[in-house]
Amino acid sequence: MRKLFILLFFSASSLLMAQNTNPIQEAMVNYDYETALTLIDKETPTVPLLYQKGKALKSLGNNREALQVYEEVVMQDSLNPRAYIEAAECCKSLLKNKQALKYYQKAVDLNPDNKYARIQYITLLLNQRKFDEALGESSLLTETDSSAVALHLQAQSFEGVDDILAALGCYENIQEKYPNDFLAAAKAARLHIEGAFYNYAIEATEKYRQIDSTNVVVNQQNALAYCLMKDYQTAIQRYEQLLSLGDSTFTTCYYLGVSYYAVEKFYEAHDILEVARQYDKRNVNLLYYLGRSCSKTSWKDQGVAYLEEAVAYATPPDSAMVRLYVGLTDCYKMALMPKEQIKTMQDRYDKYDIENHKLLYDMAYVYQYQLKDKKNTERCLEAFLKTRPKNSSEQPETDDKGNVILGLSTYYGAAETWLKDLREKKKVDDFFQGKVIAVPTNTKKTETSRDTVKK
């Protein structure tokens, strides 16, 4: 009888609890967010309900609506860091990073000990390339937090401000305190490789390999360091291991091919470089090694084709060079550097834009009005006029209304008039400077003139 009473009591309690269960909370727990939103909209909007509504909207991917809800929460629950963190998370999902930074900063100001908010704040600063601010925040964090996460953030900040030695110090500190942190070993090795300190890169990665010799990220840096140090046999061992671990990325295949080529395993080099080529068919360095490998195997014709491709890709098309020279000429013009301006115009005409004869006219203009160089002005005008087609009309082209069309024929006409004026003016200047003596037509007069000069 007593057991029956206890059983009835617990059954009644369970039924009562089920009746008192919040249906909104139950829907949230069961991930039935649409039902939860329907139920929430029927209630008076309180702060707890707004938090739940924001979560439900965000879970359904309605981040824009969720942000509006959390912005309302921020106004009603302005002293709660959670409100700002939730708003910041929504801003991030909408790529409103500037606004997200403000929300995270407010959360940190309200609760400096909130590690999550501080980490997200620093990470966002790094993503926004605000390295000085990130360094200040991360250094502040590491004063009370020596975790690997905090040290990584500080290291990234040092990298951002180009303090590579300090960044390496952080990564070495992480390796010392947290030997299982493979990212510290890989990042330290990467920085050493970028500085061409391959021995240090090998030391950092080999240290971690004693703990785990199968880590792909660490082995990639380790193999690269051996390859760049020209220890090709060891590099081949490491890259072959990477292949066995399922790493067939471009970098692994490319440098394995280079290593094979270096030790004269040309068939192996050909095979793996063909795999790498599937990732980047226009890579000039890859085509070079692939072509050279082919030339030393039975694919000699293919080797020629690959090297021809490499040359074609390495040489920029004339159209691209013309565009660069146009920009460079304009920059020199704006910087009031006429000599350099002339040089770029001449190079462009000689190498890439040989049919654009108007460049000669443009050079004459710079010589005349910027450099006051009459001799070179005439030289450019003469060269320009020599390009004039024999059957071209000397009259300028006009439209239906009689307006002159600024075509090439117009510039030829202008150049002809310009050159004629220059020569006439030069004759006058030379005469008055005594460089030209008038030739007499009468001997008697000439003698008189000479007598006059003598007197």
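Taking all protein chains together and a probe of 1.4 Å, list M28, M334 from the most accessible to the least accessible.
M334, M28
Hey, got a sec? Which GluC sites (Glu not before Pro) in region 275-382 land in a DSSP loop and have at most 14 other Cβ atoms within 10 Å? Provide the component values of the computation, followed by the final result.
Values: sites: E308, E309, E340, E355, E378, E382; in loops: E355.
Within region 275-382, the qualifying GluC sites (Glu not before Pro) (loop, at most 14 other Cβ atoms within 10 Å) are E355.
Using the basic label-point model (7 angstrom from Cα toward the beta carbon), what is the E355 to E26 distance in nanometres?
In this crude label model, E355 to E26 measures out at 8.1 nm.
Using the Cα centre of the chain as origin and beta-carbon charges of +1 (Lys, Arg) and -1 (Asp, Glu), tell me which of A185, A269, L151 is placed farthest towards the positive end of the dipole.
Result: A269, furthest along the dipole toward the positive end.
Return the distance in nm (one decimal) between the two label points of a simple spin-label model at Y369 and R129, each offset 7 Å from Cα along Cα→Cβ.
According to this spin-label approximation, the distance is 3.8 nm.
Once you charge only the Cβ atoms, +1 for Lys and Arg and -1 for Asp and Glu, what is the size of the charge dipole of region 254-379 about its Cα centre, to the nearest 20 debye?
On the way: 18 positive and 18 negative charges, 104 e Å.
The dipole of region 254-379 has a size of about 500 debye.
Need one number: nm distance between label points at S298 and D271, each 7 Å from Cα along Cα→Cβ, rounded to one decimal.
Once both label points are built, they end up 1.4 nm from each other.
So how much accessible area does H152 have, in Å² to the nearest 10, using a 1.4 Å probe?
Estimated to the nearest 10 Å², H152 gives 20 Å².
Give the whole-number value, in cubic angstrom per residue, of the convex hull volume spanned by the C-alpha atoms of the chain. Walk me through the intermediate numbers first.
Details: hull volume 193.8 nm³, N = 455.
It comes to 426 Å³ per residue, whole-number rounded.
If the chain between A383 and M337 were fully stretched, how many nm would it gain, using 0.36 nm times the residue separation less the Cα-Cα distance?
Taking A383 through M337 to full extension adds about 14.2 nm, to one decimal.
What is the extension gain from D212 to V47, computed as 0.36 nm multiplied by their sequence separation minus the C-alpha to C-alpha distance, in nm to one decimal?
54.5 nm
Could you compute the net charge surrounding A188? Neighbours are other residues with a C-beta less than 14 Å from the C-beta of A188; K and R count +1, D and E count -1.
On the way: positive: K177, K187, R190, K207, R209; negative: E159, E172, E176, D181, E194, E203, E206.
Net charge in that neighbourhood comes out at -2.
Between exposed chymotrypsin sites (Phe, Trp or Tyr not before Pro) in the chain, where DSSP calls loop and at most 14 other Cβ atoms lie within 10 Å, what's the longest gap? If you can, show how the numbers build up before the last one.
Working: sites that count: Y31, Y279.
Between the exposed loop sites, the longest stretch runs 32-278.
With a 1.4 Å probe and all protein chains kept in place, how much accessible area does V322 have, in Å² rounded to the nearest 10?
We get 30 Å² for V322.
With every protein chain left in place and a probe of 1.4 Å, what is the accessible surface of R348, to the nearest 10 Å²?
40 Å²
What is the dipole size for the chain, taken about its Cα centre, with +1 at each Lys and Arg Cβ and -1 at each Asp and Glu Cβ, in debye to the nearest 20?
2000 debye
Considering only C-alpha atoms, what is the centroid distance from region 355-388 to region 287-350, in Å?
Region 355-388 and region 287-350 have Cα centres separated by 27 Å.
Ranked from the most accessible area to the least, with a 1.4 Å probe and all protein chains present, what is the order of R118, R292, R379?
From most accessible down to least: R379, R292, R118.
The values are calculated or read from the model by the stated rules, or taken from the named source; none is laboratory data. These figures come from a predicted structure and were not determined experimentally. In this analysis, Cβ positions are derived from the backbone assuming ideal geometry, glycine residues included, and neighbour counts consider all displayed protein chains. For the accessible areas, the whole protein counts, side chains as well, though only heavy atoms, and no ligand, DNA or RNA atoms are used. Shrake-Rupley method; radii C 1.70, N 1.55, O 1.52, S 1.80 Å.
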